[in-house]
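Participant: I have a structure here, written as structure tokens, and I will follow up with some questions on it.
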């Protein structure tokens, strides 16, 4: 989940709301394809078969999946307007992208202090104990035209809202 | 007329204040004064630096471009010594004066140094709160081939310093006045788990004791004598028994202080146009309702931001702080919030789950069915959910029994709260 | 042998090169066909449990699955088919009635396929529906025999007004409505999708015999509320909230018998909607126990008309059986505003296979004889005729109208639009597509936002195609095609069939 390096220090405008992914739990069917496509999108080859079966390292998804009986849903970073994680980050590895308003993460800057994990009220950041750094956090697929989980949810349980809270469809950009 | 914003202190409170001012007012002049020379750095990381785990680069959380991009004038190596609220000026140690329209005091804290017999200007004795401390310790360790060290104080600073020393291959003896380590952060059970781990990593932990005299040899520190009479031989001593807010600048002014500089919900001090934020401030306490000093990085950041908004004219209320810590000690990640060690009283309900063989411990403290305290050792995933529950003051009675389970997550919370989080704007720190 | 191991109906092929073991198939199969063995890190499938719904095939992100019929199991012959052998085997094991879902799939002659349409050439120009207005608007209800006008003089000019009072009508933007599917046989999300599509397109849906669920009240003004033999959910609010009332005497899939929703499926919501206690079996008796003669039916029709103050059409739905023409004539004379006839291909959530496949007549023949009979008796205008029973395309619809129907009901086609793959296992309640089930694990699969969109698209697609075909015939209003048998010709039907259908053979001119 690499962000653009030089952007991290610039103050972002307060009233710029980022796009936001929203999950409607009443339509989640528990297939977990959101995770599959998140992993694929963030892999080197962007190809699902290569990402899962090839030799390249398989990334973690930026999604926490919860399931209890017939209720399930996927949770990812909400790119909050006023993110508690930004306040807690000791190194500035978590930063807000000036253009999109999204909360991004520079893996090389992270020292694994776990302050973000302590602060995120959604528990959306995954610790990567092996590499002593925050492991995975949704970046709204900045490098793709549309977030992979939204584009591939078979039941449209995951949708994308634009800056004004209106639903965006794949060909809207 | 351009408003002149002056900020004393270049750590997270000061920087967040500057960012908040710039967001709100693009035309004002923003100046930050720092008595350190480094561009800025993250204080909690000095132990990582000491231990050789990170470079100086990584400690910096805003680089030089930050100041130039945001037109913030940074003056390093300059120390403020007094404030004249009437004239609206501050005086620096080199006698220069700087005017201000709005002032923020974000001077942080300073270590408590007790009077110990024989201590005066003895090389090899350090405190551990600043980058310079770590830098000097590393130089000293190298020059004097330090092999053994004594750390006085088993609080967060003392133990993090210990981690750093251990990583450099130095054996450590920890001396603590209380009967357990981390007495201010954790409860007895958690302290015991961590103490055991520290001992397994080769530390000596001497409780119920303190240093009464230090001894010299060849012109530098060579050992300490404890209250119990015990003698410790060592090459270096680190004093880490606590930190107090640096309220010196308030002396001689009408700025009200107690332990720290007292501020209201807008981070204003008792003197007009003067604000305070961060480790130096005594601000609203979320749990007790009174005011307290909460010297924690995210709290300082948030206070700085609120102060900055208010200074720039955007009225913002501070909702209060509570203790929150994330610290990895002896290889065990830990996270704790709020009142971790409640008094014995029927109004507090305590839920505990402990698996000593897995070095796992989790405790939740409830008052009126609301979470007011939380400790987790060993497993920290999604601990932030509990921070959210504390902040929202949610009544957890309907799912109290699932709070400690492995699968605790949003599905066990009421769906209205879940939907609020999913579509809402998150929660303030 | 006492217990024969039945061969599976389906083969599940998993392309090992493509399978990434994401386990989506494992998670979504309602019949637990796929499973993951964590120890061996393998995904395996048990084809015996597979019902051929294809949900896993559709959801697999790499297209690694292929579900196909297992052809080589039983040596079939023309007289003893695979299905016959299987059915007998099953009955030998269970001793019970064989149940099935969806409409009859037997090889009865497909009359629609033997009927073709006209097109305008030279003598009568065709019309381009993109350039000229094309009217599909349809009115369902009793039409007056004659229309009287009067006029007033106002300001030196004649102002005309209608003297004849019109009986209540339903106005449809297209001659296609959604057929009756009860809440209980299908999920709430299914009905939500259909109701919304109907409301948005400007047509109607039918509650079926399950009552009107609370959540669908916003769409009640587009609902035809059914009064079936079990009278489930029927109270004055029910009658008043709908747009029309339909007395259900029978349905094409199971003429002559009643219905049965097992107690396990009568959960909270269903119990409230049907107004029966939770857990009790919902039994719809074969006859209405207060309708034993045509006079009784007339009484009920008028009782309902009184109840709605004559403000809504009251219709009757029957299955198309041998004497359907005479029956419909009687129903019209009994005062029905419309009659719905449901042919042998009509769908169902559960019916005995023998009844579904052997009772009832094809709808094409039924429409023709009903329309003809009513015209001969001079009462065709007194009631609209709605045809139902397995319409698969806009061509089927337009032919039905040309044979004499005012409008059609679609059921199966609507469900296929929502995802149904006609696996015919509706009666198990394990519909993987979230349609014929109440299981919350499965009903969430049908997102009503998507469902409504798809059902709406179906209506639109067929309506546009009908306009194209009408334009091709040089007709610009569906009214002009209604009962216009001259626009149809038959191919490969014998003289008797053509006589019954009332259409000439292809090649014959006026």
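The values are calculated or read from the model by the stated rules, or taken from the named source; none is laboratory data. Keep in mind that this is a model prediction, so the values were computed, not measured. Glycine gets a Cβ as well: all are built from the backbone with ideal geometry, and neighbour counts include every protein chain shown.
Participant: Taking region B:91-106 as the region of interest, how many residues are out of contact with any helix residue (DSSP H, G or I) (no Cβ under 7 Å at 6 or more places or on another chain), within 22 Å of residue B:19 (Cα to Cα) and not in a loop (DSSP other than H, G, I, E, B)?
Facilitator: 3
Participant: Among what's in region B:301-316 and is within 13 Å of chain A (Cβ to nearest Cβ) and assigned to a loop (DSSP other than H, G, I, E, B), pick the residue that is farthest from residue B:2 (Cα to Cα).
Facilitator: So the residue we want is B:316.
Participant: Mind checking whether some residue in region A:110-128 is within 13 Å of chain B (Cβ to nearest Cβ), in contact (Cβ under 8 Å) with a residue 40 or more places away in the chain and outside any loop (DSSP other than H, G, I, E, B)?
Facilitator: The answer is yes; a qualifying residue exists.
Participant: While we're here: Please specify each residue of region C:162-190 satisfying the condition of being loosely packed, with under 14 Cβ neighbours inside 10 Å and assigned to a strand (DSSP E or B).
Facilitator: Listed by number, the residues that qualify are C:162, C:171.
Participant: Follow-up. Residues B:168, B:148: which one is farther than 29 Å from residue B:40 by Cβ and touching a residue at least 24 places away in the same chain (Cβ under 8 Å)?
Facilitator: B:148
Participant: Taking the stated definitions as given, is residue B:379 buried (at least 16 other Cβ atoms within 10 Å of the Cβ), out of contact with any helix residue (DSSP H, G or I) (no Cβ under 6 Å at 6 or more places or on another chain) and within 11 Å of chain A (Cβ to nearest Cβ)?
Facilitator: Against the criterion (buried (at least 16 other Cβ atoms within 10 Å of the Cβ), out of contact with any helix residue (DSSP H, G or I) (no Cβ under 6 Å at 6 or more places or on another chain) and within 11 Å of chain A (Cβ to nearest Cβ)), residue B:379 qualifies.
Participant: Hey, among B:49, B:67, B:140, which residue is out of contact with any helix residue (DSSP H, G or I) (no Cβ under 9 Å at 6 or more places or on another chain) and either under 19 Å from residue B:163 (Cβ atoms) or within 14 Å of chain A (Cβ to nearest Cβ) (or both)?
Facilitator: Going through B:49, B:67, B:140 in turn, the sole match is B:140.
Participant: Next question. How many residues does region C:360-388 contain that are modelled with pLDDT of 95 or more and on the phi > 0 side of the Ramachandran plot?
Facilitator: 1
Participant: Output the number of the condition that residue A:34 fails; it satisfies all remaining conditions of (1) more than 19 Å from residue A:134 (Cα to Cα); (2) more than 10 Å from every other protein chain (Cβ to nearest Cβ); (3) under 18 Å from the mean Cα position of the chain (by Cα); (4) modelled with pLDDT under 90.
Facilitator: If we test residue A:34 against (1) more than 19 Å from residue A:134 (Cα to Cα); (2) more than 10 Å from every other protein chain (Cβ to nearest Cβ); (3) under 18 Å from the mean Cα position of the chain (by Cα); (4) modelled with pLDDT under 90, just (4) comes out false.
Participant: Hey, another quick one. Got a sec? Which strands (runs of 3 or more DSSP E) wholly within region C:1-62 have at least 2 residues that are within 14 Å of another protein chain (Cβ to nearest Cβ)?
Facilitator: C:34-37, C:42-45
Participant: Ok, one more. For region B:404-422, give me each residue that is farther than 13 Å from residue A:23 by Cβ, in contact with a strand residue (DSSP E or B) (Cβ under 9 Å, 6 or more places away or on another chain) and either facing another protein chain (nearest Cβ under 7 Å) or not in a loop (DSSP other than H, G, I, E, B) (or both).
Facilitator: B:409, B:412
Participant: Continuing with this model, one more query. Might you check whether a residue that is more than 14 Å from chain A (Cβ to nearest Cβ), farther than 23 Å from residue C:422 by Cβ, outside any loop (DSSP other than H, G, I, E, B) and in contact (Cβ under 8 Å) with a residue 40 or more places away in the chain occurs anywhere in region C:82-90?
Facilitator: Scanning region C:82-90 turns up no residue that is more than 14 Å from chain A (Cβ to nearest Cβ), farther than 23 Å from residue C:422 by Cβ, outside any loop (DSSP other than H, G, I, E, B) and in contact (Cβ under 8 Å) with a residue 40 or more places away in the chain.
Participant: Based on what the data block shows, is residue B:389 buried (at least 20 other Cβ atoms within 10 Å of the Cβ), more than 12 Å from chain A (Cβ to nearest Cβ) and touching a strand residue (DSSP E or B) at 6+ places or on another chain (Cβ under 8 Å)?
Facilitator: Criteria not met by residue B:389.
Participant: Would you confirm, using the coordinates I've provided, whether residue C:482 is surrounded by fewer than 22 Cβ atoms within 10 Å (Cβ to Cβ) and closer than 26 Å to residue C:111 by Cα?
Facilitator: Answer is yes for this residue.
Participant: Name the strands (runs of 3 or more DSSP E) wholly inside region C:103-161 in which the number of residues that are within 30 Å of residue C:493 (Cα to Cα) and under 35 Å from the mean Cα position of the chain (by Cα) is 3 or more.
Facilitator: Correct list: C:115-117.
Participant: Return the residues of region C:448-472 that are under 16 Å from residue C:391 (Cα atoms) and within 14 Å of another protein chain (Cβ to nearest Cβ); say none if nothing qualifies.
Facilitator: none
Participant: Right, next: Does residue B:374 qualify as being part of a strand (DSSP E or B), in contact (Cβ under 8 Å) with a residue 12 or more places away in the chain and within 9 Å of chain A (Cβ to nearest Cβ)?
Facilitator: So residue B:374 fails the test.
Participant: If I ask for residues that are touching a helix residue (DSSP H, G or I) at 6+ places or on another chain (Cβ under 7 Å) and in a loop (DSSP other than H, G, I, E, B), which ones from region B:108-128 would you list?
Facilitator: B:108, B:124, B:128
Participant: If you don't mind, another one. Does region B:340-371 hold any residues that are within 24 Å of residue B:197 (Cβ to Cβ), free of Cβ contacts under 8 Å to residues at least 60 places away in the same chain and within 25 Å of the chain's Cα centre (by Cα), and which are they?
Facilitator: B:360, B:362, B:364, B:365 - these are the residues of region B:340-371 that are within 24 Å of residue B:197 (Cβ to Cβ), free of Cβ contacts under 8 Å to residues at least 60 places away in the same chain and within 25 Å of the chain's Cα centre (by Cα).
Participant: Oh, and also: Let me confirm something: among C:17, C:57, C:13, which residue is at pLDDT 90 or above and surrounded by fewer than 12 Cβ atoms within 10 Å (Cβ to Cβ)?
Facilitator: Answer to the check: C:17.
Participant: Considering (1) closer than 30 Å to residue B:48 by Cα; (2) crowded, with 20+ Cβ neighbours inside 10 Å; (3) in contact with a strand residue (DSSP E or B) (Cβ under 9 Å, 6 or more places away or on another chain), say which one residue B:83 fails and leave the rest.
Facilitator: (1)
Participant: Pick from A:53, A:46: which is within 12 Å of chain C (Cβ to nearest Cβ) and either modelled with pLDDT under 90 or surrounded by fewer than 16 Cβ atoms within 10 Å (Cβ to Cβ) (or both)?
Facilitator: Exactly one residue qualifies, and that residue is A:53.
Participant: Of these, A:139, A:108, which one is over 25 Å from residue B:39 (Cβ atoms) and modelled with pLDDT under 90?
Facilitator: The unique qualifying residue is A:139.
Participant: Give the residue that is nearest to the other protein chains (Cβ to nearest Cβ), with candidates limited to residues of region B:28-40 that are modelled with pLDDT under 95 and either crowded, with 24+ Cβ neighbours inside 10 Å or closer than 19 Å to residue B:315 by Cβ (or both).
Facilitator: B:40
Participant: Take residue A:148 and decide whether it is away from chain B (no Cβ under 12 Å), touching a residue at least 60 places away in the same chain (Cβ under 8 Å) and surrounded by 16 or more Cβ atoms within 10 Å (Cβ to Cβ).
Facilitator: yes
Participant: If you don't mind, there's one more thing I want to ask. Have a look at A:69, A:101 and point out the one that is without any contact (Cβ under 8 Å) to a residue 12 or more places away in the chain and more than 8 Å from chain B (Cβ to nearest Cβ).
Facilitator: When all the criteria are applied, what remains is A:69.
Participant: Out of all the residues in region B:324-371, which are in contact with a strand residue (DSSP E or B) (Cβ under 6 Å, 6 or more places away or on another chain), part of a strand (DSSP E or B) and surrounded by fewer than 18 Cβ atoms within 10 Å (Cβ to Cβ)?
Facilitator: If the condition is that a residue be in contact with a strand residue (DSSP E or B) (Cβ under 6 Å, 6 or more places away or on another chain), part of a strand (DSSP E or B) and surrounded by fewer than 18 Cβ atoms within 10 Å (Cβ to Cβ), then B:348, B:349, B:350, B:351, B:352, B:353, B:354, B:367 are the ones that fit.
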